Every structure is written in C-alpha cells, then in structure tokens.
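**Q** Got a structure for you, written out below as structure tokens; questions coming shortly.
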Amino acid sequence: MSQRLDKFIASQGTLSRSDATRLVRRGRVTVNGAVCRDAAFKIEEADVVVAVDGTPIVYQKFVYLMMNKPAGILCVSRDPKVKTVVDLLPPEQQRKGLFPAGRLDKDTVGLVILTDDGDFAHRMLAPKKAVAKCYHVRLDGPLSDEDVAAFREGIVLADGTLCRPASLKILEDGNEPLAEVVITEGRYHQIKRMFGVRDRGVNWLKRVSIGRLQLDTRLKEGESRYLTADELSKLFV
Ligand code: URA
C-alpha cells in the first residue's frame, strides 16, 4: 500500500506527523539512498528503504512484545501519576499506539504482551477463545485437596459469579504454599477473588504463560523483547 513519506515515518515510531515532516524538510531522510525533502512523496513501504539520519527504518505493520512486568507498575498505556508498562519500554521499542493486551494488577508480576494491533488483542482476549493463562501464586495459608476440587468444579465468587473450571496444583506445601493456577478467562482480580472465597490471601502472583507461550526466563523484571512469529502463533492454542 502506498503512503506519504511523513506518515510512514510517524507510523513506525513515536514521532508526530509534523515532527516527521520537519525531519524530511531538513534533508535528514533518504529514500533508496537519495535525500527526499518532499514529505508528501508517495512510497510503497515494502519496496523502498527509508532512512533517518542514515539509519534504515525496518517496516513493521504491527509490533508484538513480551515483558516481564515488575511489581508497582500499572498495566495500562499511560497514567498521569504512575509508571506504566509502556513507560518501561526502551526507546527502540517505543511506538505510538502500544497498549498491554490484557491486564495484570499493579502488584502482579510476569508475562504481559504489548502490541499496537487491536484486532490481535481482541482475538487473544475474547472470552470464547478461552486462552489459558497460567499463574504461580504464593498464599498466606495451607491449601487442601478440597481447594483443588473447588477450583476444578468452578469457584463461585463473592458476588455470585460462577468461574469456569480452573486447574489448581500445589507446587510447594506448607503454611505459605506455592501453587500453579490455570484459568481460561480474565475477570477483574480473578485469582485473588477465587482464593478469597477459599479464605486464602495472595501474597505474590506471577503470570508465567499465555496459551503455549511461556515467559522468557532470561528477561529480568522490567525487560521486554519482540515476539517471534512462532511465539505469536503459540498464544492461541
Ligand atoms: N488475577 C488477579 O487477581 N490479578 C492479576 O493480576 C491477574 C489475575
């Protein structure tokens, strides 16, 4: 699809259209190696190499990132007061329109997908797709086989909402057990509320996978990286 040079540059990063126009007029942009000062110049993004100050722009229609979210960070695009997952992205991963596809609470850590592809996020989050989300959770009191059975049957939340059957596995027993929970929906504070009706509080919560996509254990908290095409396809199964 052909589009204006300034629009193309703005779409691939964080520059506004007018900033992109200014760069072009100042002669800082080349198209196939030749300086182009015409911001309205029409390009076929797949067929040309556009460079800004000599650095080529690698065209990506949409981007998909995985982040290992730390605690204390809001899982939204922007907030006037608190740091968000988008604020944590390094400059080279910044791009207009990025948002987290699915939310984690401020104190929850682990796997978050960030994208600017609204259709993709919609498909990933659609309740009827029932994409499995796996969490590790540290609780404030012991778990029993009855808890496991209650999760399997479908927890009824305090407000009467019936949750889909979920898997609860005890990974470490004791007074502060570690458990693995897999849910196929994404209600507000769902895991905390599910344990709440079992009289247990959540001391720590981490999302470790979505579909078959595991959080990359090499990512330190706060770090992010692009997903590969293969990893993207793992999100839906
Ligand atoms: N369930 C919760 O309670 N919190 C999260 O952040 C995710 C799932």
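The values are calculated or read from the model by the stated rules, or taken from the named source; none is laboratory data. Just so it is clear, the structure is predicted and the values come from calculations on it, not from any experiment. Heads up, the Cβs are rebuilt from the backbone with ideal geometry, glycines too, and the neighbour counts pull from every protein chain shown. Remember, those area values only see protein heavy atoms, side chains included, never the ligands or the DNA or RNA. Shrake-Rupley method; radii C 1.70, N 1.55, O 1.52, S 1.80 Å.
Each row is one residue, and each column tells you yes or no for (1) in contact with a helix residue (DSSP H, G or I) (Cβ under 9 Å, 6 or more places away or on another chain); (2) closer than 30 Å to Thr228 by Cα; (3) open to solvent by 40 Å² or more (accessible area, probe 1.4 Å).
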site	(1), (2), (3)
Pro91	no, yes, yes
Phe120	yes, yes, no
Asp147	yes, no, no
Gly154	no, no, no
Ala158	yes, no, yes
Arg187	yes, yes, yes
Asn203	no, no, yes
Val208	no, yes, no
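**Q** Hey, among the residues in region 210-237 that are surrounded by 14 or more Cβ atoms within 10 Å (Cβ to Cβ), assigned to a helix (DSSP H, G or I) and of a type in the set (A, V, I, L, M, F, W, C), which one's modelled with the lowest pLDDT?
**A** Selected residue: Phe236.
**Q** Being touching a residue at least 24 places away in the same chain (Cβ under 8 Å), of a type outside the set (A, V, I, L, M, F, W, C) and over 26 Å from Val85 (Cβ atoms) is true for just one of Arg193, Arg200. Which residue is that?
**A** Numbers: Arg193 fails: over 26 Å from Val85 (Cβ atoms).
When all the criteria are applied, what remains is Arg200.
**Q** Could you tell me which residue of region 171-185 is least open to solvent (accessible area, probe 1.4 Å), considering only residues that are not in a loop (DSSP other than H, G, I, E, B) and not β-branched (Val, Ile, Thr)? Even if it seems obvious, please write down each step before you answer.
**A** Looking only at region 171-185, we keep the residues that are not in a loop (DSSP other than H, G, I, E, B), and these are 171-172, 178-183.
Going one step further and asking which of them are not β-branched (Val, Ile, Thr), we end up with 171-172, 178-180.
On the way: Leu171: 80, Glu172: 86, Leu178: 24, Ala179: 0, Glu180: 36 Å².
Filtering region 171-185 for residues that are not in a loop (DSSP other than H, G, I, E, B) and not β-branched (Val, Ile, Thr), the one least open to solvent (accessible area, probe 1.4 Å) comes out as Ala179.
**Q** Let me ask something else. May I ask you to list the residues in region 95-118 that are away from the ligand (no atom under 14 Å from the Cβ) and either open to solvent by less than 40 Å² (accessible area, probe 1.4 Å) or in contact with a helix residue (DSSP H, G or I) (Cβ under 8 Å, 6 or more places away or on another chain) (or both)? Break it down stepwise before answering.
**A** Step one: of region 95-118, the residues away from the ligand (no atom under 14 Å from the Cβ) are 95-99, 114-118.
Matches in region 95-118: Arg95, Lys96, Leu98, Phe99, Leu114, Thr115, Asp116, Asp117.
**Q** For Ala149, are the conditions met, namely being assigned to a helix (DSSP H, G or I), away from the ligand (no atom under 16 Å from the Cβ) and more than 18 Å from the chain's Cα centre (by Cα)?
**A** Judged against the criteria, Ala149 is a match.
**Q** Taking Arg212 as the residue in question, decide whether it is touching a Lys or Arg at 6+ places or on another chain (Cβ under 7 Å), away from the ligand (no atom under 16 Å from the Cβ) and basic (Lys, Arg). Walk me through how you get there before you give the answer.
**A** Numbers: touching a Lys or Arg at 6+ places or on another chain (Cβ under 7 Å): yes; away from the ligand (no atom under 16 Å from the Cβ): yes; basic (Lys, Arg): yes.
Judged against the criteria, Arg212 is a match.
**Q** Go through region 67-87 residue by residue and tally those that are of a type in the set (A, V, I, L, M, F, W, C) and crowded, with 19+ Cβ neighbours inside 10 Å.
**A** Initially, region 67-87 is screened for residues of a type in the set (A, V, I, L, M, F, W, C), giving 67, 71, 73-76, 82, 85-86.
Going one step further and asking which of them are crowded, with 19+ Cβ neighbours inside 10 Å, we end up with 67, 73-75, 85-86.
Number satisfying all stated conditions: 6.
**Q** Hand me the list of helices (runs of 4 or more DSSP H) wholly inside region 1-102 holding 2 or more residues that are not assigned by TED's automatic domain parsing to the domain that holds Asp230.
**A** Working: elements: 5-11, 17-25, 85-88.
By residue number, 5-11, 17-25.
**Q** Further, regarding this structure: Pick out the one residue from Glu185, Glu221 that is within 16 Å of the ligand (Cβ to nearest atom) and not assigned by TED's automatic domain parsing to the domain that holds Leu143.
**A** On the way: Glu185 fails: not assigned by TED's automatic domain parsing to the domain that holds Leu143.
Of Glu185, Glu221, the one residue that is within 16 Å of the ligand (Cβ to nearest atom) and not assigned by TED's automatic domain parsing to the domain that holds Leu143 is Glu221.
**Q** Right, next: Could you grab me the full set of residues in region 220-237 that are under 25 Å from Asp87 (Cα atoms) and of a type in the set (D, E, K, R)? Before the answer, list the steps.
**A** Going through region 220-237, the residues under 25 Å from Asp87 (Cα atoms) turn out to be 220-229, 231-232, 235.
The answer is Lys220, Glu221, Glu223, Arg225, Glu231.
**Q** Sticking with this structure for a sec: Considering only residues of region 189-201 that are over 22 Å from the mean Cα position of the chain (by Cα) and surrounded by fewer than 20 Cβ atoms within 10 Å (Cβ to Cβ), which is farthest from the ligand (Cβ to nearest atom)?
**A** Going residue by residue through region 189-201, those that are over 22 Å from the mean Cα position of the chain (by Cα) are 193-201.
Within this subset, residues satisfying the condition of being surrounded by fewer than 20 Cβ atoms within 10 Å (Cβ to Cβ) are 193, 196-201.
Details: Arg193: 7, Gly196: 9, Val197: 12, Arg198: 13, Asp199: 16, Arg200: 12, Gly201: 11 Å.
By that ranking, first place goes to Asp199.
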